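Each remark here refers to the structure printed beneath this line.
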Amino acid sequence: MELIDTHAHLDFSDFAPDLEAVIERATQAGVTRIISIGTGIESSRRAVALTERFPNLYAAIGVHPAHVAEEGLDFFPSLRELAQHPKVVAIGETGIDYYHVPEHLQREPSPTDYLQGETTSHLQRQLAETVWKSAQADAFRMQLDLAVELGLNVVIHQRSSWEDTLAVLRPYTGKVRGVFHCFGGSVEEATEISALGHLVSFTGIITFKNAEAVRIAAAAVPPDGYMVETDCPYLAPVPYRGKRAEPAHTRLVAEQIAAARGITLEEVAAATTRTAETFFRFGR
Ligand SMILES: [Zn+2]
């Protein structure tokens, strides 16, 4: 049995003390390949460097929507150059995130502000919000363009931004495929993703008690329409919830999907590994 953790943040400092042991435990659990995901240029560089240390590690490189502000929009040349590395298997993670609101946008002007003659702050805030949203869309589009240029697929982060994410993605239908990583949406959303030729992937969330909707979605997606991941160090599955997640936990995610679909763990492993081998550029 072979599983692929398609989304791990192994370049994060959480793993610095014991990365070799973490990867060894993954191998013991049948997780034979791991894709380390970049969240910015430096993080992507670190992910690529890790692939040179560990033969079963691969990298996806990209700028996460929450890091667009600090990264700026001139990351394109660095990303294109990094993508030449033979162990880069995808672009991402990229996408749109309206859940993590930056501090300068968190406070709405209060009625007192207006009483005190503060009439511009509301307009300023609206402008700042527009800039914040459009910069994310631009960064997402640039990374989709790069993926098309290089013939790679894309790892997509979508949070509280369903409509806008699809609006950016739709013109790329048929040119590039995306995986909606850490899928936590409804069956309807999963169906729309499949209809556009994209994939979903499931994390430890699927083992959470309150995640019945995710289990229903996992039962409904087509056999070749989903993959498994941990998004470690985040989202450790039950019984490790709240602790540091690691790639070995991919097996617990796959077990939960097997239960939801009424098939065996081995069948989930075979299906998701085949899907990942088609989606990612392993050794091509
Ligand atoms: Zn991630």
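The values are calculated or read from the model by the stated rules, or taken from the named source; none is laboratory data. As the structure is a computational prediction, the values presented were derived from the model and not from experiment. Note that each Cβ is placed from the backbone with ideal geometry, even for glycine, and that neighbours are counted across all protein chains shown. For accessibility, only protein heavy atoms count, side chains too; no ligands or nucleic acids. Shrake-Rupley method; radii C 1.70, N 1.55, O 1.52, S 1.80 Å.
At a glance:
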{"read-out": "Test: residue in region 103-113 that is more than 23 Å from Gly38 (Cα to Cα) and β-branched (Val, Ile, Thr)", "value": "yes"}
{"read-out": "Qualifying residue in region 132-151 (condition: assigned to a helix (DSSP H, G or I), within 15 Å of the ligand (Cβ to nearest atom) and not aromatic (Phe, Trp, Tyr))", "value": "yes"}
{"read-out": "Residue in region 207-223 that is nearest to Glu255 (Cα to Cα), counting only those that are touching a residue at least 12 places away in the same chain (Cβ under 8 Å) and not hydrophobic (A, V, I, L, M, F, W, C)", "value": "Thr207"}
{"read-out": "Filter result (hydroxyl-bearing (Ser, Thr, Tyr) and on the phi > 0 side of the Ramachandran plot) within region 120-170", "value": "Ser160"}
{"read-out": "Unique residue being open to solvent by less than 10 Å² (accessible area, probe 1.4 Å), more than 16 Å from the ligand (Cβ to nearest atom), more than 19 Å from Thr39 (Cβ to Cβ) and among the hydrophobic types (A, V, I, L, M, F, W, C) when the list is Val187, Val176", "value": "Val176"}
{"read-out": "Evaluation of Gly92 against (1) on the phi < 0 side of the Ramachandran plot; (2) in contact with a strand residue (DSSP E or B) (Cβ under 6 Å, 6 or more places away or on another chain) (one fails), failing number", "value": "(1)"}
{"read-out": "Candidates Glu52, Glu70, filtered to the one that is away from the ligand (no atom under 16 Å from the Cβ), among the acidic types (Asp, Glu) and closer than 18 Å to His157 by Cβ", "value": "Glu70"}
{"read-out": "Every residue from region 152-171 that is surrounded by fewer than 19 Cβ atoms within 10 Å (Cβ to Cβ) and either among the hydrophobic types (A, V, I, L, M, F, W, C) or outside any strand (DSSP E or B) (or both)", "value": "Ser160, Trp162, Glu163, Asp164, Leu166, Ala167, Arg170, Pro171"}
{"read-out": "Per-region count, region 249-279, residues surrounded by 24 or more Cβ atoms within 10 Å (Cβ to Cβ) and polar (S, T, N, Q)", "value": "3"}
{"read-out": "Hits in region 184-222 - residues which are among the small types (Gly, Ala, Ser) and in contact with a Cys (Cβ under 8 Å, 6 or more places away or on another chain)", "value": "Ser201"}
